[in-house]
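**Student:** To start, I am sharing the structure in question, which I have written as structure tokens.
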Amino acid sequence: MGALPSAFAGAAPALAQTETDATALLEQKVEPALLAEIDAEGEAELWVQFEGAPDYSAAFAAETKAEKGAAAIAAAKAFAESSQADVTAALDEAGVEYESFWASSTLKVTGDAGLLETLTAFDEVTEVVDAPKVVDVEPVAPAETELETAAAGWNVADINAPAVWDQLGTTGEGVVVASIDSGVQYDHPALVNQYRGNNGDGTFTHDYNFYDVEGGCGAAPCDLSNHGTHTVGTMVGDDGAGNQIGVAPGADWIAANYYGSSMESVLRAGEWMVAPTDWAGNNPDPSKAPDIINNSWGREGDDPYFEDIVDLWHAAGIIPVFAAGNSGPVCNTAISPGDYANVIAVGAYSVSGTIADFSSRGPTSDGRVKPDVSAPGSGILSSVPGSAYGSQSGTSMAAPHVAGTIALMMSAEPALRGDYGLVYELLTGSARYTADDQCGGTAEANNVHGHGRIDALAAAQALPDGDSGSISGTVTGPDGAPLANAELVFDGAFDRRATTAADGTYTVKFALTGQHAVTVTKFGYATATGTVTVAADQTAVFDKVLTPLPTTVVTGTVVDGSGHGWPLAASVSSVGGEVTTQTDPLTGEFSLTLPTGGVDLVVEAAYGGYQTVQVEANAANLQIEVPVAASCTAAGYAFDPLGTGFESLSTPLGWTVDNRGPAPWIFNDPHNYGNRTPGSGGFAFARPPGGGTMDTDLISPVFDLSSAPEPVLTFATDFTGYLPYSAAEVAISTDGGQTWTNAWAATGSIRDSTVTVDLSAWAGAQEARLKFHYYHAYMSGYWWQIDDVLVGGTPTCAPLAGGLVRGTVTDQNGAPVAGAVVTHTASGHHGVSGADGVYWTFAPGSGSSQFSVVDAESGSATGSVNVAADDVTEADFTLS
């Protein structure tokens, strides 16, 4: 529970804070959504994060995996204790309850605005966030259960796993794979023999082998869904009777069933993996840690919430594998943690080798390639609870193929254990490159398949023969200060790479004997070269001092590039994120100090619906045009003459719902059905709530059909009906909605299809409207989904006449107001103010326009704004 501000005041840091200081710290350290939640509810769950990171140098220098784990845990716990000390002392003194996490130095505490303000006043507190919700990367279709022999599925053969078994004589022996997922049916015939807790005499030891994070299993491991049993089956499954569903059936498995959506659960699971405990959660033992962890879960991209755990796994010598996500075919959709630079993210392909439509694509927001590799992920047959087998599809199904392949690699070459860099090089270097430029990439990897489709045999044989040693050293600046994140490439008979740690050190555990040419690079420094000679079973030392490059100030302007040309609020960063700045939102201007010689910049608009662009800073004053995305969801744009992809999660602007039954058309998928049409992302959904008559219309705004290149309507659909008790119809009006004529009707269920409707009979209509009418008078279990509605044949994203309006909403005392709704009265276009009081919205037309502002607590305001077409107009409002 949170303390009252007064109860905590005596334990607060000794700061003379003004109200302005406190507000600035809240804006700097707290997410707007969390502030809004506290404003609405009075208190919230707070996750307090701290400055700095553990010193893992001892862990990286350790020889054995067990020593690595022990050293990594000691470093993480020491950092957590020191970084949290002042805040926990203050909380203890004030009697405020909290939970402390050591794997990611974090505190969980429930509190109000006063507690939040005091926490942000501590210098060591970098951020206070709401608990992220984490979910499994759910299969794109439910499991189809069957009991017959599964044999070796197409997927296992496709990646050449049987060739590893036959030619190399290894099936993963001596390697431990782990699963953070929904749990596992530990006694499933295809999994029981591989369970590390199987004592071989009919008894089981679950201590150190299964972590029931949320206590949902009782006295023995279980699967709270079917997801975990399926993914573990793909890693190791084989019942000895012909059901060869796993890639590495000789490996052992352990698991944690975090299966919930809480930050706490997934952090606890991440901690347990580094030092598994007994069933009661006591007596952690890092020697029992796995070699590889499969993670078929995540959340939206660019979320750093799990970075500390991944860093801990690396220090402990554990290889992290993550699903890339099921948000394809759109680019820039890889989810976190799969989009982290130091994990292996996996895309999914079908039996033909073609990427699955659902598989998330890269690049990441800072321009990196994701996924790293691809693996089979469509129609994957594996184990499911009930000692059965079922087919599922998703990148959740693809990721365990990679985890199993790494187990085969380690079994064939034990020197790979704990060496992420070498595993990554061999896995990606041996992958079957599969060209696909739909989302860009590099000459070595694209943002669809990554480096290519995995090949277990090639990966297991990729480590070259010959004597070897190791290389270590330190990279510093001219003043002797260590340089972190310097990249070293050792060019020899077998190339190696390394990245320096925070203390400037690096280690290459495996390097063939002989001379290696070395290249050292770091942003802002001149490239350095040299040579190092490796002797058998010896550690060669290569140190380097880097020279800073001269810098220059690069200025520029970021503007809309699809017709309006207005200035854009945007972030402008170097590709690696080493330097970043924000544009002036009213002018689009920015300034960055960069190394001379040209640097690639990544530009990301703060307004939704724009592409992320990459440009070279090759001039003193850049003009950067950012085009809108193909989805045409950017403010001030629309498909001409009509179109929508239903991406707003609410009724699209200008559309209306006319409902005469127990439930209307909805757009936020509250029941998690997923988009079952050929479209992706958001969709419109009419679903009977459980009996009764459903009768609802979704009606478009007025549009000029006569201007369409073709008088045709197309829409993606998934209709499951029971005629004559169900109806899915499209009607057209030529008089703005006064009268209607049926243009199309479903004659039966239409699953996962695109419908084309000829509108040529009404081609001259200048005031046309469309109506999607759904009727159902039977039991539940039926629905109609629609997506990607388009009139005109060819999608043309056109600018609408108007401009952007942006400003700040404050209360009578001048304090910013979060959550205020600012509405352009005539059109209904609106924006919502953030924690800093800033809002923005599109306003159709130009000239004097009325706006209204409403906040439930701070009051309201109205005013006239002189909107400038194709520009940004500043308008501030004070509520009363």
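**Student:** Let me know the volume per residue of the alpha-carbon convex hull for segment 241-325, in Å³.
**Tutor:** Value for segment 241-325: 138 Å³ per residue.
**Student:** Moving to a separate point now. Between residue 85 and residue 31, what length in nm is gained on full extension when 0.36 nm per residue of separation is reduced by their alpha carbon distance?
**Tutor:** Taking 0.36 nm per residue and subtracting the Cα distance, the gain is 17.1 nm.
**Student:** Tell me, what ³J(HN,Hα) does each residue in segment 317-323 have, in order and in whole Hz, if you take phi through Karplus 6.51 cos²θ - 1.76 cosθ + 1.60 with θ = phi - 60° and put x for Gly and Pro?
**Tutor:** Those phi angles translate into x, 9, 8, x, 10, 10, 5 Hz.
**Student:** Could I have the simple spin-label model distance between residue 302 and residue 619, label points 7 Å from Cα toward Cβ, reported in nm to one decimal?
**Tutor:** Inter-label distance under the simple model: 2.6 nm.
**Student:** For segment 59-123, what are Rg and Dmax over the alpha carbons, in angstrom?
**Tutor:** Just the Cα atoms of segment 59-123 yield Rg and Dmax of 15.3, 48 Å.
**Student:** Here is a further query. Need one word for segment 551-626: rounded, prolate or oblate. Basis is the Cα gyration tensor (sqrt eigenvalues a ≥ b ≥ c); a/c below 1.5 gives rounded, then a/b vs b/c decides.
**Tutor:** Prolate is the answer for segment 551-626, as a/c is 1.5 or above and a/b outweighs b/c.
**Student:** For residue 167 and residue 857, FRET efficiency with R0 = 51 Å and r from the beta-carbon atoms, rounded to 0.05?
**Tutor:** After rounding, the FRET efficiency stands at 0.15.
**Student:** Then there's this: Enumerate the whole-percent occupancy of each 5 Å bin, from 0 to the last occupied one, for all C-alpha pair distances of segment 657-720.
**Tutor:** 3, 14, 20, 22, 18, 13, 7, 3, 1
**Student:** Please name whichever of 594, 482, 663 sits farthest to the positive end of the charge dipole of the chain, dipole taken about the Cα centre and charges placed at Cβ: Lys and Arg +1, Asp and Glu -1.
**Tutor:** 663
**Student:** Would you work out the relative contact order for the chain, in percent, from Cα pairs under 8 angstrom that are 6 or more residues apart?
**Tutor:** Taking the mean separation of contacting Cα pairs over the length of the chain, I get 8 percent.
**Student:** What order do you get for 227, 451, 830, 401 when you list them from fewest to most C-beta neighbours inside 10 Å?
**Tutor:** Final ranking by Cβ density, sparse to dense: 830, 451, 227, 401.
**Student:** Whole Å is fine, so just give me how far the alpha carbon centre of segment 776-819 lies from that of segment 272-335.
**Tutor:** One Cα centre to the other: 35 Å.
**Student:** Which whole-Hz ³J(HN,Hα) couplings does segment 431-443 yield from phi under the Karplus relation 6.51 cos²θ - 1.76 cosθ + 1.60, θ = phi - 60°, glycine and proline marked x?
**Tutor:** Karplus-based 3J(HN,Hα) across segment 431-443 equals 5, 7, 4, 10, 5, 5, 9, 4, 10, x, x, 10, 5 Hz.
**Student:** Additional query: Less than 11 Å Cβ to Cβ from residue 385, Lys/Arg counted +1 and Asp/Glu -1: what total charge do the surrounding residues give?
**Tutor:** -2
**Student:** A further question on this structure: Over all alpha-carbon pairs in segment 801-878, figure out the percentage whose distance exceeds 17 Å.
**Tutor:** Above the 17 Å cut-off, segment 801-878 has 34 percent of its Cα pairs.
**Student:** Can you give the net charge of the other residues whose Cβ lies under 9 Å from the Cβ of residue 291, counting K and R as +1 and D and E as -1?
**Tutor:** +2
**Student:** Here is a further query. Run the quick spin-label model on residue 850 and residue 481: label points 7 Å from Cα toward the beta carbon, then report their separation in nm to one decimal.
**Tutor:** That separation, rounded to one decimal, is 5.9 nm.
**Student:** Output the pairs from 77/522; 29/522; 77/544; 77/288; 370/544; 108/370 with a Cα-Cα distance over 23 Å in this structure; if there are none, say none.
**Tutor:** As for pairs spanning more than 23 Å Cα to Cα, those are 77/522; 29/522; 77/544; 370/544; 108/370.
**Student:** Could I ask something else about it? Collect residues whose amide H, placed 1.01 Å from N in the peptide plane, falls under 5 Å from the amide H of residue 803; neighbours closer than 5 in sequence don't count.
**Tutor:** 843, 845, 870
**Student:** Compute from the Cα atoms of segment 468-545 the Rg and the Dmax, the latter being the longest Cα-Cα distance, and quote both in angstrom.
**Tutor:** 11.7, 35
**Student:** Using the Cα centre of segment 551-626 as the reference point, and only Cβ charges (+1 on K/R, -1 on D/E), how large is the resulting charge dipole? Debye, rounded to the nearest 20.
**Tutor:** 40
**Student:** Once both axes come from the Cα atoms, what is the angle between helix 65-94 and the longest principal axis of the chain, in degrees from 0 to 90, rounded to 10?
**Tutor:** So the helix axis and the longest Cα principal axis differ by about 50 degrees.
**Student:** Using the Karplus equation 6.51 cos²θ - 1.76 cosθ + 1.60 (θ = phi - 60°), what ³J(HN,Hα) coupling, rounded to whole Hz, does each residue of segment 486-497 give in order, writing x for Gly and Pro?
**Tutor:** Coupling constants for segment 486-497: 6, 9, 10, 10, 9, 9, x, 4, 9, 5, 10, 9 Hz.
**Student:** Right, next: Can you pull the Rg over Rh of segment 5-131, Cα-only, Kirkwood?
**Tutor:** 1.05
**Student:** For the chain, what is the percent of antiparallel DSSP beta bridges, rounded to the nearest 5?
**Tutor:** Beta bridges within the chain, antiparallel portion: roughly 80 percent.
**Student:** Can I ask one more? Which Cα, out of 408, 309, 106, lies furthest along the positive dipole direction of the chain (beta carbon charges, K/R +1, D/E -1)?
**Tutor:** 408
**Student:** Within the set of other residues whose C-beta is less than 14 Å from the C-beta of residue 727, count the net charge using Lys and Arg as +1 and Asp and Glu as -1.
**Tutor:** Local net charge: -1.
**Student:** In which sequence would 677, 231, 754 go, from the one with the fewest C-beta neighbours within 10 Å to the one with the most?
**Tutor:** Listed from fewest to most nearby Cβ atoms, that is 754, 677, 231.
**Student:** Okay, next question. Hey, any idea what Rg/Rh is for the chain, computing Rh the Kirkwood way over Cα pairs?
**Tutor:** Taking Rh as the inverse mean 1/r over Cα pairs, Rg/Rh reads 0.97.
**Student:** For a Förster distance of 41 Å, can you work out the FRET efficiency between the beta-carbons of residue 656 and residue 587, rounded to the nearest 0.05?
**Tutor:** Approximately 0.65, to the nearest 0.05.
**Student:** For segment 551-626, what is the percent of antiparallel DSSP beta bridges, rounded to the nearest 5?
**Tutor:** Rounded to the nearest five, the antiparallel share is 75 percent.
**Student:** Set Lys and Arg Cβ to +1 and Asp and Glu Cβ to -1, take the dipole of the chain about its Cα centre, and tell me which of 83, 395, 460 lies farthest positive.
**Tutor:** The residue sitting farthest along the positive end of the dipole is 460.
**Student:** Continuing with this model, one more query. Please give the helix 19-29 orientation as an angle from the longest Cα principal axis of the chain, in degrees from 0 to 90, rounded to the nearest 10.
**Tutor:** Taking Cα atoms only, the helix is inclined about 70 degrees.
**Student:** Right, something else. Per the Kirkwood treatment, what hydrodynamic radius in Å, one decimal, follows for segment 641-795 from the mean inverse distance over all distinct Cα pairs?
**Tutor:** Taking every pair of different Cα atoms in segment 641-795, averaging 1/r and inverting gives 15.4 Å.
**Student:** Need one number: the % of Cα-Cα pairs in segment 361-474 sitting beyond the 16 Å mark.
**Tutor:** 66
**Student:** Charges at C-beta only: +1 for Lys and Arg, -1 for Asp and Glu. How large is the resulting dipole of the chain about its Cα centre, in Debye rounded to 20?
**Tutor:** 1620
**Student:** If you wrap a convex hull around the C-alpha atoms of segment 155-257 and split its volume per residue, what is the figure in Å³?
**Tutor:** 97
**Student:** Here's something else I'd like to know. At a Förster distance of 30 Å, what's the computed FRET efficiency of residue 649 paired with residue 800, Cβ-Cβ distance as r, to 0.05?
**Tutor:** Calculated transfer efficiency: 0.90.
**Student:** Also: Cα convex hull of segment 349-389: mean projected area in nm², to one decimal?
**Tutor:** In nm², the orientation-averaged hull projection of segment 349-389 is 4.0.
None of the figures in this text is laboratory data; all of them are computed from the coordinates on show. Quick caveat, the model's predicted, so the values are computed rather than measured. Methodologically, a virtual Cβ is constructed for each residue, glycine included, from the backbone with ideal geometry; neighbour enumeration extends over all protein chains shown.
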